[in-house]
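Novice: This structure is in structure tokens; I'll ask about it shortly.
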Amino acid sequence: MADLTVGKKAPLFTLPSDGGQDISLSDYKGGKVILYFYPKDNTSGCTLEAQAFRANLEEFKKRGYSVLGVSRDSVKKHCNFRDKYELNFPLLSDEKETVCNLYGVMKEKSMYGKKYMGIERSTFIIDEKGVLVKEYRNVKAASHVNDLLRDLP
């Protein structure tokens, strides 16, 4: 895991996106980024969160933020998810968990008594200089976007 200290440079990465091209964090230098990690396309909480980002994207843009969603789903699954819910921001595919591990979002989870490794819903706010200015861990899908709208200038 990289040094994820608020006030330090955010770890750089490049991942394939639902738009068919690779997207790098460095592509956004000079702008602010909301980098959010979510467990899985087409699940109830992840859909709710993605729809909230979609509905509020213009407000985030007015404040100077770009939104990037990251999960371990394939580009193909991302395309289906994007089309089904008319998502208007890039979804990045991290099938090898490289960026998930850089940002420390892989956690042991439990469902029906079985333990497994999965993405802990997390968001990182990165400023124009590429510095991590805030992190949100284990966020609630239903209220997270409203929390961001309240917190971010």
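Novice: The list (i) 21.5, 70; (ii) 14.0, 42; (iii) 14.4, 46 gives values of Rg and Dmax of the Cα atoms in Å, and only one came from this structure; which label was calculated from it?
Specialist: Here Rg and Dmax of the Cα atoms in Å agrees with entry (iii).
Novice: Using a 10 angstrom Cβ neighbour count of at most 14 plus a DSSP loop assignment to flag exposed trypsin sites (Lys or Arg not before Pro), which longest range of the chain is free of such sites?
Specialist: On the way: sites that count: Lys8, Lys29, Arg63, Lys96, Lys129, Arg137, Lys140.
Value returned for the longest uninterrupted segment is 30-62.
Novice: Separate question: Within the chain, which complete DSSP H helices have Cα atoms spanning at least 18 Å along the helix axis and a mean Kyte-Doolittle hydropathy of -0.5 or higher?
Specialist: Result, helices passing both filters: zero.
Novice: Just to confirm a number: summing +1 for Lys and Arg and -1 for Asp and Glu over residues other than Lys84 whose beta-carbon lies under 14 angstrom from that of Lys84, what do you get? Could the numbers behind the result be given before it?
Specialist: Working: positive: Lys40, Arg54, Lys76, Lys77, Arg82; negative: Asp18, Asp41, Asp73, Asp83, Glu86.
Charge balance near Lys84 sits at 0.
Novice: Follow-up question, since we're still on this one. Give the lysines reachable from Lys115 as a straight Cα distance under 19 Å; neighbours fewer than 8 places away on the same chain don't count.
Specialist: Lys40, Lys107
Novice: I would also like to ask the following. Which pairs break 32 Å Cα to Cα here: Lys61/Lys114; Lys29/Lys76; Lys62/Lys114; Lys8/Lys84? Present the calculation step by step, with values, prior to reporting the outcome.
Specialist: Details: Lys61/Lys114 40 Å; Lys29/Lys76 27 Å; Lys62/Lys114 43 Å; Lys8/Lys84 37 Å.
The answer is Lys61/Lys114; Lys62/Lys114; Lys8/Lys84.
Novice: ³J(HN,Hα) across the stretch 20-37 via Karplus (A = 6.51, B = -1.76, C = 1.60, θ = phi - 60°), whole Hz, x for Gly/Pro?
Specialist: Running phi through 6.51 cos²θ - 1.76 cosθ + 1.60 with θ = phi - 60° gives x, 10, 7, 10, 10, 4, 5, 4, 9, 4, x, x, 8, 10, 9, 9, 10, 9 Hz.
Novice: Here is a follow-up. With charges set only on the Cβ (+1 for Lys and Arg, -1 for Asp and Glu), what does the dipole of the stretch 6-146 come to about its Cα centre, in debye to the nearest 20?
Specialist: For the stretch 6-146, the charge dipole is close to 400 debye.
Novice: Let me ask you something else. Could you work out how far the C-alpha centroid of the stretch 1-61 sits from that of the stretch 104-141, in angstrom?
Specialist: Cα centroid of the stretch 1-61 versus Cα centroid of the stretch 104-141: 12 Å apart.
Novice: I would also like to ask the following. What list of ³J(HN,Hα) values in whole Hz, one per residue of the stretch 104-118 in order, does the Karplus curve 6.51 cos²θ - 1.76 cosθ + 1.60 (θ = phi - 60°) give from phi, with Gly and Pro shown as x?
Specialist: Running phi through 6.51 cos²θ - 1.76 cosθ + 1.60 with θ = phi - 60° gives x, 9, 7, 9, 6, 10, 9, 9, 6, x, 9, 8, 7, 8, x Hz.
Novice: Mind checking which of Gln21, Cys79, Met106 is farthest towards the positive end of the stretch 6-146's charge dipole, using Cβ charges of +1 (Lys, Arg) and -1 (Asp, Glu) about the Cα centre?
Specialist: Of Gln21, Cys79, Met106, it is Met106.
Novice: How many percent of DSSP beta bridges within the stretch 6-146 run antiparallel, rounded to 5?
Specialist: Working: 20 of 29 bridges.
Around 70 percent antiparallel, to the nearest 5.
Novice: Could I ask something else about it? How many nm separate the modelled label positions at Asn80 and Ser143, each set 7 Å beyond the Cα in the direction of the Cβ?
Specialist: 3.3 nm
Readers should treat all values here as calculations from the given coordinates under stated rules, not as data from a laboratory. Here the structure is a predicted model, which means the values were calculated and not measured. In this analysis, Cβ positions are derived from the backbone assuming ideal geometry, glycine residues included, and neighbour counts consider all displayed protein chains.
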